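Here's the structure, in structure tokens; my notes come after.
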Amino acid sequence: AACVQVPGCETLTTWGFTDLDSWIDATFGPDDPLELDEQYRRKPAYYGIVDGFLGVPVDPPGTPPNMIANGTFEIGNDGWTATGGKLSTSHRTAHTGERSARLRHRTQPSDGLVFDALSVTAAATTYDVSAWVRVSRAATDTVTLTATTRCTGGSVTVTTLATGTATDTDWLELTGALSVPDCVAEAISLQIAGPAPRVALHVDDVAL
């Protein structure tokens, strides 16, 4: 983002691109400084570089890091799934940057976007959650932000974190708090759903 703001900054170079070959570990101790991990998977640093080049606003100083690496959908839907319908990205609508996630051909109100948060959350910890949402193929409709948790040997718990009325003209921010139970969890996920069947759901700038 700093490079984009300076006319004299023409290129950006990283010293390597995958942690597999990084010299940092051997020299300074365990660290994962680069944009791809040892299996060549994209890391938060990768999405951060993309967001910086595309002008996605930088979080205010002191904001904790977003645990959702691809919360802006600028290069696709990596890390996201859908419970039904067709998941893609849209160039026509974006809260920030150039793209948002779009879920069309929904057949149930429960059809929505899902992020698996099991690997990025800790037991007995509370996280702030937010997502920007709008709809199309309807003037207004209800949208919900929910969390699904399951402790080892326990039953599934679905908690509504936020509910609101989204429109086809403006973005609506849903905010809530995810409280991870004090247990060994088998499942922790976030879901954004709610509109009636056939109403398209647009999501952008999701943060955990």
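Is there any pair with a first residue in the stretch 32-56 that is closer than 11 Å to Asn70 by Cα and a second that is among the polar types (S, T, N, Q) and open to solvent by 50 Å² or more (accessible area, probe 1.4 Å) whose Cβ atoms are under 8 Å apart and which are 6 or more apart or on different chains, and what are they?
Final answer for the pair search is Pro44/Asn66.
Just give me the residues in the stretch 195-208 being assigned to a strand (DSSP E or B) and either closer than 19 Å to Ser88 by Cβ or open to solvent by less than 20 Å² (accessible area, probe 1.4 Å) (or both), in sequence order.
Once the filter is applied, which keeps residues that are assigned to a strand (DSSP E or B) and either closer than 19 Å to Ser88 by Cβ or open to solvent by less than 20 Å² (accessible area, probe 1.4 Å) (or both), the stretch 195-208 yields Ala200, Leu201, His202, Val203, Asp204, Asp205, Val206.
Considering only the stretch 164-194, state which residues are open to solvent by 30 Å² or more (accessible area, probe 1.4 Å), within 18 Å of the chain's Cα centre (by Cα) and β-branched (Val, Ile, Thr).
Once the filter is applied, which keeps residues that are open to solvent by 30 Å² or more (accessible area, probe 1.4 Å), within 18 Å of the chain's Cα centre (by Cα) and β-branched (Val, Ile, Thr), the stretch 164-194 yields only Thr175.
In the stretch 59-103, what residues are under 20 Å from Ser189 (Cα atoms) and of a type in the set (D, E, K, R)?
Asp78, Lys86, Arg102
If you go through the stretch 143-163, how many residues are open to solvent by 70 Å² or more (accessible area, probe 1.4 Å) and within 14 Å of Leu118 (Cβ to Cβ)?
3
Quick one: in the stretch 120-142, which of the residues that are part of a loop (DSSP other than H, G, I, E, B) and over 11 Å from Val180 (Cα atoms) is most open to solvent (accessible area, probe 1.4 Å)?
Arg137
The values are calculated or read from the model by the stated rules, or taken from the named source; none is laboratory data. From a predicted model like this one, the values you see are computed outputs, not experimental measurements. So basically every Cβ, Gly included, is an ideal-geometry build from the backbone, and we count neighbours across all protein chains shown. Side chains included, ligands, DNA and RNA excluded: accessible areas come from the protein's heavy atoms. Shrake-Rupley method; radii C 1.70, N 1.55, O 1.52, S 1.80 Å.
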